[in-house]
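The values are calculated or read from the model by the stated rules, or taken from the named source; none is laboratory data. Please read these numbers as outputs of a predicted model, since none were measured by experiment. A quick note on method: Cβ atoms are made from the backbone with ideal geometry, for glycine too, and the neighbour counts reach across all protein chains shown.
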Amino acid sequence: MRKATVTRKTKETDITVMLCLDGGEFNPDIPSGFLTHMLDAFARHGGLGLKVDARGDVHVDLHHTVEDIGIVLGRALKKALGEKKGITRYGLAKVPMDESLVEACLDISGRPYFQIHGGDVFHGQAGDLDLELVPEFFRALVFNAGVTLHLSVISSGNGHHLAEACFKALARALKEAAAVTGVEVPSTKERL
């Protein structure tokens, strides 16, 4: 089983993530109902086992907690992927959510890069979460996992639907990219 447990404790947050790339249950203890909902969708559509225990300075706002969950999840993903032998490496998924349509293109490359195409669309609130934190979460995850992620927002309207389409598209792209389909590292460098 490809799995990892990572903990990060700072003055602002205390986060532990247990991730299994080969399946399992979603077990959250997160001080945000909306982020819990997004990570549930991420785990379910990615075929992941995911446990998140998060404490943070939510009396300030959710920024530190959301960003640090992304950091720890990214580190757990990198650790669970190990040497990346046999993985597909690339993943592509397009997900509609009513009026929202998002495409995620992922490369488990060892080179962190994150880009959102389609404008500055993350504004307002969904549940208890400022939607401007959605790109912060993805950026933290990507840079700590060492992957390249392009999110293309093709259509949007409702902030909840937009965020959910992003999390589901990333999950499906990750499921495809992390799938073991061979025995070698998929790179001419023989290393990712």
Members of the stretch 8-20 found to be in a loop (DSSP other than H, G, I, E, B) and either closer than 17 Å to residue 70 by Cβ or in contact with a Cys (Cβ under 9 Å, 6 or more places away or on another chain) (or both), listed by number: 10, 12
Across the stretch 91-125, which residue is nearest to residue 172 (Cα to Cα) among those that are under 15 Å from the mean Cα position of the chain (by Cα) and not aliphatic (A, V, I, L, M)? 91
Every pair of residues 6+ apart whose Cβ atoms lie under 8 Å, when the first sits in the stretch 12-38 and is more than 15 Å from residue 49 (Cβ to Cβ) and without any contact (Cβ under 8 Å) to a residue 40 or more places away in the chain while the second is crowded, with 20+ Cβ neighbours inside 10 Å and of a type in the set (Ser, Thr, Tyr): 30/65; 31/65
Condition check: at pLDDT 95 or above and either touching a helix residue (DSSP H, G or I) at 6+ places or on another chain (Cβ under 8 Å) or under 23 Å from residue 184 (Cα atoms) (or both). Does residue 132 satisfy that? no
Among the residues of the stretch 1-48, which ones are buried (at least 19 other Cβ atoms within 10 Å of the Cβ), within 22 Å of residue 175 (Cα to Cα) and of a type in the set (Gly, Ala, Ser)? 41, 43, 46
Just the residues that are assigned to a loop (DSSP other than H, G, I, E, B) and under 19 Å from residue 88 (Cβ atoms), please, taken from the stretch 141-164. 146, 147
Starting from the stretch 165-192, keep only residues that are under 10 Å from residue 93 (Cα atoms), then list their pairs with residues that are part of a loop (DSSP other than H, G, I, E, B) whose Cβ atoms are within a distance under 7 Å, requiring at least 6 positions of separation or different chains. 175/47; 176/88
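A quick yes/no check of all residues on (1) among the basic types (Lys, Arg); (2) surrounded by 17 or more Cβ atoms within 10 Å (Cβ to Cβ); (3) modelled with pLDDT under 95; (4) not in a loop (DSSP other than H, G, I, E, B):
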{"position": "54", "(1), (2), (3), (4)": "no, yes, no, yes"}
{"position": "78", "(1), (2), (3), (4)": "yes, yes, no, yes"}
{"position": "85", "(1), (2), (3), (4)": "yes, no, no, no"}
{"position": "95", "(1), (2), (3), (4)": "no, yes, no, yes"}
{"position": "101", "(1), (2), (3), (4)": "no, yes, no, yes"}
{"position": "114", "(1), (2), (3), (4)": "no, no, no, yes"}
{"position": "119", "(1), (2), (3), (4)": "no, no, yes, no"}
{"position": "122", "(1), (2), (3), (4)": "no, yes, no, no"}
{"position": "139", "(1), (2), (3), (4)": "yes, yes, no, yes"}
Which residue, of 172, 191, is assigned to a helix (DSSP H, G or I) and among the basic types (Lys, Arg)? 172
With the structure loaded, tell me whether residue 69 is aliphatic (A, V, I, L, M) and under 26 Å from residue 161 (Cβ atoms) or whether it fails that test. yes
Looking at residue 74 and the list (1) assigned to a helix (DSSP H, G or I); (2) in contact with a strand residue (DSSP E or B) (Cβ under 7 Å, 6 or more places away or on another chain); (3) crowded, with 23+ Cβ neighbours inside 10 Å, which single condition is not satisfied? (2)
